[in-house]
Amino acid sequence: MPSTNNLRVYTIGGRTDNAGGVQTVDVDQEELRMLLGSLLKPGILNNALDQSPNPLAFNVRQDTGVNMAVRVGSGTAQRDLLVMKSTSIASQGSYLVRLEATPPAYTVPAADPTLPARYGVYCFIDDVAYAGDAARAYVDIACIRGTPNASPTTPGPLAVWSASMLLWEFQLPAAAVAVTNVILDSATSFDRRKRAAIIQQDFLETQVFS
């Protein structure tokens, strides 16, 4: 499948053409993803280039300027890997996502003029086979705004997404005009790096083979 915003997802397909030119299922794509899920738990994987720990993979930081945008990624091309478990149906399996280039920028929705709001930065899969709304399956990252409120809450993933993972959440005051690292690292932010459950230092740390 093609890359979107420098992101690529593996094991989304499993079809090949036979000698007669007829499309044939060699390995069902669900089976491939379920196999992936049996080997790898959801979360950040080691550096794709040398297998060293990569705690800053899919890290969310301010843009290079002072504006309403964030950048996602550790900063080194092709080393950030993420496993996302399906949020649609159990048999859908897991998706392995790689960030191909240096951190791209993602637009942050405008702040409310009178009330604070919380935001969620999600990596997501929109898979047409599981109620997605795209012409074909793809992976992307999006920042979405929750409902402005005096005591705002972080928005959940969109219903159309068939798999997703919350990378970061943060809060902006009313009429904010920029997202900075100070805001992203504040006490009101969800720091993904501290969520040990989604960081996997060893691909097969829980697997025993005989």
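Here, each number is a calculation from the coordinates, and none is a lab measurement. What you are looking at is a predicted structure, and each value in this text was computed from that prediction instead of being measured. Glycine also receives a Cβ, built like all others from the backbone with ideal geometry; neighbour counts cover every protein chain displayed.
The listed peptides 66-73, 120-127, ordered by packing as a protection proxy, come out as 120-127, 66-73 (highest mean of other Cβ atoms within 10 Å first).
Extension gain for Lys41-Ala174 works out to 44.1 nm (0.36 nm per residue, less the C-alpha to C-alpha distance).
Whole-Hz Karplus values for the stretch 162-168 come out as 8, 7, 7, 9, 6, 7, 6 Hz, taken residue by residue from phi with 6.51 cos²θ - 1.76 cosθ + 1.60 and θ = phi - 60°; glycine and proline positions read x. Separation of the stretch 50-118 and the stretch 143-178, taken as the distance between their Cα centroids, equals 14 angstrom. Take the Cα of Asp50, step 7 Å toward its Cβ, do the same at Thr153, and the gap between the two points is 4.5 nm. Close amide H partners of Gly93, meaning residues 5 or more places away or on another chain with modelled amide H under 5 Å apart, are Ser86. Stretched out straight at 0.36 nm per residue, the stretch from Asn67 to Asn181 would grow longer than its current Cα-Cα span by 39.9 nm.
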